[in-house]
Amino acid sequence: MLDHLIRGATVVDGTGAPSYTADVGIRDGRIAVVAPPGTVTEEAGTSEDATGLVLAPGFVDPHTHYDAQLFWDPYATPSLNHGVTTVAGGNCGFTLAPLHPGRPADADYTRRMMSKVEGMSLVALEEGTPWSWSSFGEYLDALEGRIAVNAGFMVGHCALRRYVMGEDAVGGQPTPAQLDEMLALFHEAMEAGAWGLSTTQSATHSDGDGKPVASRHAGPAELLALSRAVAAHEGTQIEAIVAGCLDQFSDEEVELLVAMSAEAGRPLNWNVLTIDAAVPERVPRQLIASERAREAGGRIVALTMPILTPMNMSLGTFCALNLIPGWGEILGLPVPERIAKLRDPGVRAEMLRRAGSKETGVFRRLAHFGRYVIGDTYSTANEGLTGRVVQDIAAERGQEPFACLIEICANDRLRTVLWPMPTDNDPASWALRAETWQHEDVLLGGSDAGAHLDRMCGAPYTTRFLGDCLRGRKLVGLERAVKMLTDDPAQLFGLRDRGRIEVGWHADLVLFDPERIDAGKATLVHDLPGDSPRLDSRAIGINAVWVNGVETIREDVVTGAVPGTVLRSGRDTRTVSTK
């Protein structure tokens with residue numbers, strides 16, 4: 001007997017093959033039958049008519065930070081609402097485990113680091129997460145049986161360093177004995193099911209004390225030793241971030257990434273490849289790393305987003321503006337001093353100079369202050385400005401746009417919400433994206449879901465992309481678009497029996513209306529532990545989502561079921577060799 005029968009769906013199976021109409025039956029968490037409509041004779045506990053609807057494999061998000069959120073939100077919202085059934089976590093070198101059992105203060109350090117570097121609510125981290133583990137395996141066990149999505153996790157290099165080196169992890173170098181201990185700890189984590197290594201060398205990553213995070217102090221020898229350890233375990237990977245990920249790699253960074261992948265004999269993915277026709281040299285430069293890796297016996301995969309993710313900013317809280325060289329020192333001052341500095345014409349002139357300089361890299365796109373839209377305001381002086389563009393307000397007032405923006409924000413004691421309009425929303429940039437997506441080492445992803453919660457909402461990229469493919473720019477056909485969201489990332493991670501609609505495979509499925517599928521506008525809600533805020537987005541046109549054969553979403557509402565699996569390397573992933 002089937003558990004559920006989906007009748008008459010337009011099946012887009014994830015392989016890129018043409019769609020077809022079929023009945024799809026689910027039994028014991030697997031796809032039990034795919035047959036022509038009306039030919040299934042086996043009884044089913046429940047069934048539904050899916051005529052005119054598309055049935056696709058569950059989407060796989062290759063870059064999330066749901067490591068903490070899953071404890072208070074086992075549904076990984078809003079990703080699950082938007083059809084994501086499998087998430088990859090533990091990215092960018094940051095994980096909640098391992099934690100040294102003899103140093104309880106390490107948990108506090110980790111919470112403050114995650115709050116600073118990944119924009120997670122400190123209150124939510126303190127109140128919503130049990131912090132009951134020491135080893136990485138114990139962390140995975142703490143999630144097992146209580147999540148609604150499938151989730152796999154890399155081991156964060158920062159956590160490995162902190163466990164072995166303590167406070168010396170920031171600024172210090174491991175002794176030979178400490179490196180051996182780090183490697184043993186890493187092997188133990190992968191034996192327990194960790195997907196491999198994640199690390200960062202990015203200059204934008206600082207801990208809760210404002211110091212470079214631990215992995216930024218690691219030299220090539222340490223990184224290559226960890227990469228070689230990855231090779232000893234089935235179904236493992238590397239994820240790495242370097243400073244050049246934000247704009248263009250240096251020769252040294254290319255050499256390092258290539259060597260790490262080649263030493264491991266495993267794919268290495270990085271994010272995020274920013275595609276902008278105004279900087280045509282960026283994409284070829286970034287993909288040189290992939291070309292060199294293939295020559296050396298490795299593989300480097302660039303993640304890129306198929307949508308433009310709105311960013312909620314403020315001069316009053318930490319955001320991407322703080323990462324512009326020279327801006328962090330000013331935006332980190334107490335509010336009264338910050339306002340005084342920002343009102344100084346000389347200070348503003350220097351800030352603008354730094355924001356437009358080559359050293360600012362991809363953050364130069366944030367320097368077009370006339371193109372900012374004013375969001376929520378909090379003072380009578382700013383009444384009526386919500387929704388207006390700064391350059392229009394500045395023209396009315398006879399001000400330079402940045403000075404105008406500063407005055408508006410100062411009126412609100414810097415609480416004003418700012419929405420920068422993207423600079424790369426032009427036909428040439430979209431054409432370049434469509435061309436770049438065809439590269440064999442470019443993969444859709446990089447949502448950062450679970451991080452930067454009150455600043456951005458990348459989780460709905462799946463539904464927004466499909467809506468654009470079906471009814472918008474139509475840069476990619478439906479079958480290929482679904483493959484890019486399902487089988488492609490599943491193949492990169494070596495997921496066993498996931499990413500396609502095929503008899504015997506896990507029943508991770510999304511049923512959606514092709515005439516409606518889309519994502520709603522990002523709105524600020526207060527539903528985290530401690531009433532902390534985050535941006536959320538409604539899923540439009542998603543009829544239902546199944547994870548391992550169990551319905552988890554129906555009409556954008558979670559069912560309460562938690563059928564997800566903690567995906568462990570080897571058991572749930574096969575080795576994707578580069579040799």
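The values are calculated or read from the model by the stated rules, or taken from the named source; none is laboratory data. Being a predicted model, the structure only gives us computed values, none of them experimental. Every residue, glycine as well, gets a Cβ built from its backbone with ideal geometry; the counts of neighbours run over all protein chains shown. To get the accessible areas, we keep the full protein, side chains included, count just its heavy atoms, and leave off ligands, DNA and RNA. Shrake-Rupley method; radii C 1.70, N 1.55, O 1.52, S 1.80 Å.
Consider residue 527 carefully, then state whether it is open to solvent by 30 Å² or more (accessible area, probe 1.4 Å) and closer than 24 Å to residue 56 by Cβ. No, not satisfied. When 494, 446 are screened for being of a type outside the set (A, V, I, L, M) and in contact with a Ser or Thr (Cβ under 6 Å, 6 or more places away or on another chain), only 494 passes.
Could you say which residue among 216, 228 is assigned to a helix (DSSP H, G or I), charged (D, E, K, R) and under 28 Å from residue 452 (Cβ atoms)? That would be 216, the only listed residue that is assigned to a helix (DSSP H, G or I), charged (D, E, K, R) and under 28 Å from residue 452 (Cβ atoms). Checked against the criteria, residue 51 does not count as over 31 Å from the mean Cα position of the chain (by Cα) and either modelled with pLDDT under 95 or not in a loop (DSSP other than H, G, I, E, B) (or both). If the condition is being within 22 Å of residue 78 (Cα to Cα) and either over 23 Å from the mean Cα position of the chain (by Cα) or not in a helix (DSSP H, G or I) (or both), then the stretch 457-478 contributes 457, 458, 459, 460, 470.
Can you name the residue in the stretch 309-330 that is part of a helix (DSSP H, G or I) and without any contact (Cβ under 8 Å) to a residue 60 or more places away in the chain and is also surrounded by the fewest Cβ atoms within 10 Å (Cβ to Cβ) among such residues? The residue in question is 329. Search the stretch 288-308 for residues being open to solvent by less than 10 Å² (accessible area, probe 1.4 Å) and part of a helix (DSSP H, G or I), and hand back the single one that is nearest to residue 263 (Cα to Cα). Once the filter is applied, the top-ranked residue is 293.
Residue-by-condition table, conditions (1) on the phi > 0 side of the Ramachandran plot; (2) among the polar types (S, T, N, Q); (3) modelled with pLDDT under 95:
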position: 435; (1), (2), (3): no, no, no
position: 442; (1), (2), (3): no, no, no
position: 450; (1), (2), (3): yes, no, no
position: 456; (1), (2), (3): no, no, yes
position: 461; (1), (2), (3): no, no, no
position: 471; (1), (2), (3): no, no, no
position: 475; (1), (2), (3): no, no, no
position: 478; (1), (2), (3): no, no, no
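Only a single item in (1) closer than 24 Å to residue 310 by Cβ; (2) within 26 Å of the chain's Cα centre (by Cα) is not met by residue 359, and it is number (1). Of all the residues in the stretch 157-177, those that are more than 26 Å from the chain's Cα centre (by Cα) and buried (at least 18 other Cβ atoms within 10 Å of the Cβ) number 3.
Is it true that some residue in the stretch 490-497 is open to solvent by 40 Å² or more (accessible area, probe 1.4 Å) and in a loop (DSSP other than H, G, I, E, B)? Yes, because at least one residue in the stretch 490-497 is open to solvent by 40 Å² or more (accessible area, probe 1.4 Å) and in a loop (DSSP other than H, G, I, E, B). Give the stretch 556-568 a look and list any residue that's open to solvent by 20 Å² or more (accessible area, probe 1.4 Å), assigned to a strand (DSSP E or B) and in contact with a helix residue (DSSP H, G or I) (Cβ under 8 Å, 6 or more places away or on another chain), or say none. 558, the sole residue that qualifies. Within the stretch 73-151, which helices (runs of 4 or more DSSP H) (wholly inside it) include 1 or more residues that are surrounded by fewer than 21 Cβ atoms within 10 Å (Cβ to Cβ) and of a type in the set (S, T, N, Q)? Helices (runs of 4 or more DSSP H) meeting the threshold: 105-117. Would you confirm, using the coordinates I've provided, whether residue 289 is touching a residue at least 40 places away in the same chain (Cβ under 8 Å) and in contact with a strand residue (DSSP E or B) (Cβ under 7 Å, 6 or more places away or on another chain)? Yes.
Here residue 256 meets the list (1) open to solvent by 10 Å² or more (accessible area, probe 1.4 Å); (2) among the hydrophobic types (A, V, I, L, M, F, W, C); (3) not in a helix (DSSP H, G or I) almost entirely, failing just condition (3).
You will find that of 553, 540, the residue that is surrounded by fewer than 21 Cβ atoms within 10 Å (Cβ to Cβ) and hydrophobic (A, V, I, L, M, F, W, C) is 540 and no other.
Scanning the stretch 331-353 for residues that are open to solvent by 60 Å² or more (accessible area, probe 1.4 Å), of a type in the set (Lys, Arg) and out of contact with any helix residue (DSSP H, G or I) (no Cβ under 6 Å at 6 or more places or on another chain) gives 343, 353. If only residues of the stretch 354-377 that are crowded, with 17+ Cβ neighbours inside 10 Å and of a type in the set (S, T, N, Q) are counted, the one that is farthest from residue 247 (Cα to Cα) is 377.
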